[in-house]
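Below: one structure, written as structure tokens.
The values are calculated or read from the model by the stated rules, or taken from the named source; none is laboratory data. Here the structure is a predicted model, which means the values were calculated and not measured. Please note: Cβ atoms are built from the backbone with ideal geometry, for glycine as well, and neighbour counts cover all protein chains shown.
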Amino acid sequence: MAGAINKKLPKKPGPFGRDELAGMKALANESLSSFNVLFEHASGDKLEIHDLGHSELLLLFSRILFAIDSELDQIMGNQSSAARLSRIVGTGPDSVDFLNSLLTQCRKQSFSDILIAAIIEAATLDQSRMNEKRDDEIVKFKLAHGDRLVKSGTKLLIDYTDLLARMDVGGSSPKRLSPSFSSKISSSEIFNSKTDLSSMLISELQQRFQKMDPFLSGDRAFRFSESRFVPAKLGPVRPVSQFYGFLPTKEFFRKYLSAFSEKGENFPLLISSLPGLGKTHFTISYTLSFENLTLILCEPSDLEKPLVELIEILGKRSNRRFVLFFDDVDTRKIDWYYFRTNIGGSCVLPENITVIVASNYEYPANVLSRGRGFTFPFFDEITCQEMVQDFLMSMGMKSPRNELISGIAADYVEEFGQHVFEELSPRTLVRYLERYHNDPVKRKKALDLSRQDVITAPDAMCFYEANQKIIQRLKDSI
């Protein structure tokens, strides 16, 4: 059917049969009816489109359908009125204006694929968003309307632009229609004639279409590369309940991401600390602890590129909130031009996107002023004992004795001195503490040592020297 647009057409407009126009009117009515079932809801005395991932594009499609329906009425009354659509007449937009806007919004995807992905989302996810038990009969009802919308809607666009082309003297398509139409709009359908909706599992259907919209897959973390979102394999992610100590840090991350999750407060967050203190793990774990947040892992070099495409793609998905995470950024070498322009400058981030940047180094003043800075405290003997205390309380001890806390911390430092661990850091301390979960002998030994007359304390100088070595390595890497 798409090939009909490109075939050789008569140079002069000819008469149209009323049957042809009536057929298009029927397609418009079918499309509008199914669009209403899938995407619209009553809000007061007007209809509004559901808050879906492609709501902006769906609004444009709705306007196209209404415009075509109205214009068909005009053509049926006066066939020469179709020729006006090849040139600008009047101040209001017409179907070609709306269609050109829609084609621009599609970017590198075909509209048919986007429409199908939106239909699957509307049919299968809206009940779960309202905390309702999914009713498969309702899902199948909506999918049947979705199938009709895809078939009738795309056929209507193709047939109608073909009709306008035949009315447009000397043209093979309406003069104002974008050349991308033939590649973005094609005859399509969700199901073939042999598909049995009654036997199709909804999970199979979601899996079938998750490639069209990666965020339908249920994954919560993605890597952004070459304009594509690929699910990220993160490995075991420690839940926030297993972060010990660092109480002000945990409270800061909780408040920052809670404000973004609930209110859309999205001032960029710029984190700095020595390596190993938990910048990456804190960001990932606290982001994923909020069910409505999706993590987008970006390369540090992406900060030196235009971010408009990424922001535009995610900004249109107003029903989701995204955390763009730039990890391990070398703040001394990176060119901050695009950050200052696209994130902290004249462009305002959509409220469903926030940015977190993590670095082992300090940020330039003109960058730090555009975001909210946070620096992790040093890992010293006091912080170490706070982590041990928090760990013991998580195991059920209401008020761990100072002697026990000091003894465990000292034993950890001693094992570091024996090269059991490669560094003194929160991440190696967590690995050390995990032994106590499954080793009752080690727990008993720690309790016995805490009851002796002389209690060993963690060596403060050991922490100082370890931190100085890390700082020196960072200086040497310049």
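Which residue, of Thr283, Thr294, is touching a helix residue (DSSP H, G or I) at 6+ places or on another chain (Cβ under 8 Å), outside any strand (DSSP E or B) and either within 19 Å of Arg223 (Cβ to Cβ) or free of Cβ contacts under 8 Å to residues at least 12 places away in the same chain (or both)?
Only one candidate qualifies: Thr283.
Hand me the list of helices (runs of 4 or more DSSP H) wholly inside the stretch 106-182 holding 2 or more residues that are at pLDDT 75 or above and either outside the structural domain of Leu32 (by TED's automatic domain parsing) or under 29 Å from the mean Cα position of the chain (by Cα) (or both). Steps first, please.
Numbers: elements: 111-124, 126-129, 136-167.
Here the list reads 111-124, 136-167.
Could you tell me how many of the residues in the stretch 414-471 are closer than 19 Å to Gln385 by Cβ and polar (S, T, N, Q)?
Here the count works out to 6.
Under 23 Å from the mean Cα position of the chain (by Cα) and touching a residue at least 12 places away in the same chain (Cβ under 8 Å), is that true of Asp328? Explain how you work it out, then say what you get.
On the way: under 23 Å from the mean Cα position of the chain (by Cα): yes; touching a residue at least 12 places away in the same chain (Cβ under 8 Å): yes.
Yes; evaluated as a whole, the condition is true for this residue.
Among the residues of the stretch 227-261 satisfying the criterion of being charged (D, E, K, R) and at pLDDT below 90, which is surrounded by the fewest Cβ atoms within 10 Å (Cβ to Cβ)? Write out each step before concluding.
Kept after step one, since they are charged (D, E, K, R), are these residues of the stretch 227-261: 228, 233, 238, 250-251, 254-255.
Checking the rest, the ones that are also at pLDDT below 90 come to 228, 233, 238.
Details: Arg228: 10, Lys233: 8, Arg238: 14.
Within the stretch 227-261, the match that is surrounded by the fewest Cβ atoms within 10 Å (Cβ to Cβ) is Lys233.
Considering only residues that are part of a loop (DSSP other than H, G, I, E, B), touching a residue at least 60 places away in the same chain (Cβ under 8 Å) and not hydrophobic (A, V, I, L, M, F, W, C), which ones fall in the stretch 369-385? Full working, then the answer.
Applying the first criterion (part of a loop (DSSP other than H, G, I, E, B)) to the stretch 369-385 yields 369-371, 376-380.
Now drop any that are not touching a residue at least 60 places away in the same chain (Cβ under 8 Å), which leaves 370-371, 376-380.
Scanning the stretch 369-385 gives Arg370, Gly371, Pro377, Asp380.
Every residue, every condition in (1) of a type in the set (Lys, Arg); (2) in contact with a helix residue (DSSP H, G or I) (Cβ under 8 Å, 6 or more places away or on another chain), yes or no:
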residue: Ser406; (1), (2): no, yes
residue: Ala410; (1), (2): no, no
residue: Glu423; (1), (2): no, yes
residue: Leu429; (1), (2): no, yes
residue: Pro440; (1), (2): no, no
residue: Arg443; (1), (2): yes, yes
residue: Ala457; (1), (2): no, yes
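Please go through the stretch 245-280 and give me each residue that is out of contact with any Pro (no Cβ under 8 Å at 6 or more places or on another chain), aromatic (Phe, Trp, Tyr) and outside any helix (DSSP H, G or I), ordered by number.
Hit for the stretch 245-280 is Phe267, nothing else.
Yes or no: Asp335 outside the structural domain of Gln109 (by TED's automatic domain parsing), among the charged types (D, E, K, R), within 23 Å of His281 (Cα to Cα) and more than 10 Å from the chain's Cα centre (by Cα)? Spell out how you get there, then give the answer.
Numbers: outside the structural domain of Gln109 (by TED's automatic domain parsing): yes; among the charged types (D, E, K, R): yes; within 23 Å of His281 (Cα to Cα): no; more than 10 Å from the chain's Cα centre (by Cα): yes.
In short, no.
Is the stretch 343-362 home to any residue that is among the aromatic types (Phe, Trp, Tyr), modelled with pLDDT of 85 or more and surrounded by 19 or more Cβ atoms within 10 Å (Cβ to Cβ)? Write out each step before concluding.
So the first thing to find is which residues in the stretch 343-362 are among the aromatic types (Phe, Trp, Tyr), and the list is 361.
Now drop any that are not modelled with pLDDT of 85 or more, which leaves 361.
Now narrow it down to the ones that are surrounded by 19 or more Cβ atoms within 10 Å (Cβ to Cβ): none.
No, the conditions are met nowhere in the stretch 343-362.
Given the conditions (1) in contact (Cβ under 8 Å) with a residue 24 or more places away in the chain; (2) within 23 Å of the chain's Cα centre (by Cα), and given that Thr341 satisfies all but one, which numbered condition is not satisfied?
Answer for Thr341: the failing condition is (1).
If Gly276 meets every condition in (1) at pLDDT 90 or above; (2) buried (at least 17 other Cβ atoms within 10 Å of the Cβ); (3) not β-branched (Val, Ile, Thr) apart from one, which number is that one?
Checking Gly276 against (1) at pLDDT 90 or above; (2) buried (at least 17 other Cβ atoms within 10 Å of the Cβ); (3) not β-branched (Val, Ile, Thr), the one that fails is (1).
Do we find a residue being out of contact with any Pro (no Cβ under 8 Å at 6 or more places or on another chain), modelled with pLDDT of 80 or more and not in a loop (DSSP other than H, G, I, E, B) anywhere in the stretch 77-93?
Narrowing the stretch 77-93 to residues out of contact with any Pro (no Cβ under 8 Å at 6 or more places or on another chain): 77-78, 81, 84, 87-93.
The next check asks that each one be modelled with pLDDT of 80 or more; those that pass are 93.
From the residues that got through so far, the ones that are not in a loop (DSSP other than H, G, I, E, B) too are none.
Checked the stretch 77-93: no residue is out of contact with any Pro (no Cβ under 8 Å at 6 or more places or on another chain), modelled with pLDDT of 80 or more and not in a loop (DSSP other than H, G, I, E, B).
Out of Val420, Val388, report the one residue that is in a loop (DSSP other than H, G, I, E, B), surrounded by 12 or more Cβ atoms within 10 Å (Cβ to Cβ) and not assigned by TED's automatic domain parsing to the domain that holds Phe252. Step through it out loud before you land on a result.
Numbers: Val388 fails: in a loop (DSSP other than H, G, I, E, B).
Testing whether each residue is in a loop (DSSP other than H, G, I, E, B), surrounded by 12 or more Cβ atoms within 10 Å (Cβ to Cβ) and not assigned by TED's automatic domain parsing to the domain that holds Phe252 leaves just Val420.
Return a yes/no flag: does the stretch 283-301 have any residue that is closer than 23 Å to Ala232 by Cα and over 17 Å from the mean Cα position of the chain (by Cα). Explain how you work it out, then say what you get.
Just the residues of the stretch 283-301 that are closer than 23 Å to Ala232 by Cα, to begin with: 283-301.
When the remaining residues are screened for being over 17 Å from the mean Cα position of the chain (by Cα), the result is 300-301.
Yes, some residue in the stretch 283-301 is closer than 23 Å to Ala232 by Cα and over 17 Å from the mean Cα position of the chain (by Cα).
Scan the stretch 360-409 for residues that are more than 30 Å from Asp439 (Cα to Cα) and among the charged types (D, E, K, R) and jot them down.
Taking the stretch 360-409 and keeping what is more than 30 Å from Asp439 (Cα to Cα), we get 360-377.
Within the stretch 360-409, Glu362, Arg370, Arg372 meet the criteria.
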